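Each value in this text was obtained by applying a stated rule to the coordinates, not by laboratory testing. None of these values were measured; they are calculated from a predicted model. Heads up, the Cβs are rebuilt from the backbone with ideal geometry, glycines too, and the neighbour counts pull from every protein chain shown.
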Amino acid sequence: MPRILGVDIPNDKRTIISLQYLYGIGPYKAELLCERTGIDRDKRARELSEDELAKLATILDNDDDFTVEGQLRRQIQQNIARLRDIGCYRGLRHRKGLPVRGQRTRTNARTRKGPRKTVAGKKGVKELR
Amino acid sequence: MGRSLKKGPYVVERLLDKVARSESSGNREPIKTWARACTIVPEFVGKNFAIHNGRTFLKLYVTEDMVGHKLGEFAPTRTFKGHGGKGGKSGKR
């Protein structure tokens, strides 16, 4: 199996699909990558030559349009840290672990809030049991 | 959706005047304002503001990182006192 940027080993799907197993590469960027490197997008990933892999690696490493994996994760964390530091509304929501973009919190919002914490004595708890 | 680039950032003119005046007069007093929707522009950096939150004016010292945000983002309008009444044993206040 081919390796790109160390850890990630996409499998024997079409190149354009397997590139999307990298964090930060979606359909659009995969298409762009194939175009830039001149790789046939329908070629199986296992058939990629050393040369082609090297080409992909250089673009992913050097081009600012393709921030992927660890670097991208770090960038996102930094952006959030900045919001927290300046104490703006979005930062406050991040600190509290609540939705940031104005969604309702009366119900739902479980992705941000985590598992339900049932409050004893609250109206409607009996019915839930 | 973002604002059209054609229009440029929304900046309250009056506030720009005030900032310029405080700059020239060397006045360190916070600039009192109700213009929560006003974008923070580089001219505001290093200035003190007092932003209305609907009840009082909250002080804010503007740093470089805040450029591009709105003034209102730094003056929360809601006070959350925590949940839990008679049932809960503590309640956060």
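Only residues that are exposed (fewer than 11 other Cβ atoms within 10 Å of the Cβ) and hydrophobic (A, V, I, L, M, F, W, C): list them for region B:1-39, please. Talk me through it step by step, then tell me what you get.
Going through region B:1-39, the residues exposed (fewer than 11 other Cβ atoms within 10 Å of the Cβ) turn out to be B:1-8, B:13, B:17, B:24-26, B:28-29.
Matches in region B:1-39: B:Met1, B:Leu5.
Residue by residue through region A:61-83, note down the ones that are assigned to a helix (DSSP H, G or I), closer than 30 Å to A:Thr37 by Cβ and without any contact (Cβ under 8 Å) to a residue 24 or more places away in the chain.
First, pick out the residues of region A:61-83 that are assigned to a helix (DSSP H, G or I): A:61-62, A:69-83.
This time we only want the ones that are closer than 30 Å to A:Thr37 by Cβ, so: A:61-62, A:69-79.
Hits for region A:61-83 are A:Asn62, A:Gly70, A:Gln71, A:Arg74, A:Gln75, A:Ile76, A:Gln77, A:Gln78, A:Asn79.
Here are A:Glu31, A:Glu47, A:Glu35: which of them is surrounded by 13 or more Cβ atoms within 10 Å (Cβ to Cβ) and either free of Cβ contacts under 8 Å to residues at least 60 places away in the same chain or under 30 Å from B:Leu71 (Cα atoms) (or both)? Give the steps one after another, and end with the answer.
On the way: A:Glu47 fails: surrounded by 13 or more Cβ atoms within 10 Å (Cβ to Cβ); A:Glu35 fails: surrounded by 13 or more Cβ atoms within 10 Å (Cβ to Cβ).
None of the other options fit; the residue is A:Glu31.
Step by step: first the residues of region B:68-77, then only those that are within 10 Å of chain A (Cβ to nearest Cβ) and assigned to a loop (DSSP other than H, G, I, E, B), then the one that is nearest to B:Arg28 (Cα to Cα). Which residue is that?
Among those that are within 10 Å of chain A (Cβ to nearest Cβ) and assigned to a loop (DSSP other than H, G, I, E, B), it is B:Ala75.
Listed here are the residues, each with its yes/no results for (1) outside any loop (DSSP other than H, G, I, E, B); (2) aromatic (Phe, Trp, Tyr).
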position	(1), (2)
A:Asn11	no, no
A:Leu19	yes, no
A:Tyr23	no, yes
A:Cys34	yes, no
A:Asp40	no, no
A:Ile59	yes, no
A:Asp85	yes, no
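Residues being within 21 Å of the chain's Cα centre (by Cα) and within 12 Å of chain B (Cβ to nearest Cβ): count how many of those fall in region A:71-94. Spell out the reasoning first.
Just the residues of region A:71-94 that are within 21 Å of the chain's Cα centre (by Cα), to begin with: A:71-84, A:90-91, A:93-94.
Now restrict to residues that are within 12 Å of chain B (Cβ to nearest Cβ): A:78-79, A:81-84, A:90-91, A:93.
Within region A:71-94, residues that are within 21 Å of the chain's Cα centre (by Cα) and within 12 Å of chain B (Cβ to nearest Cβ) number 9.
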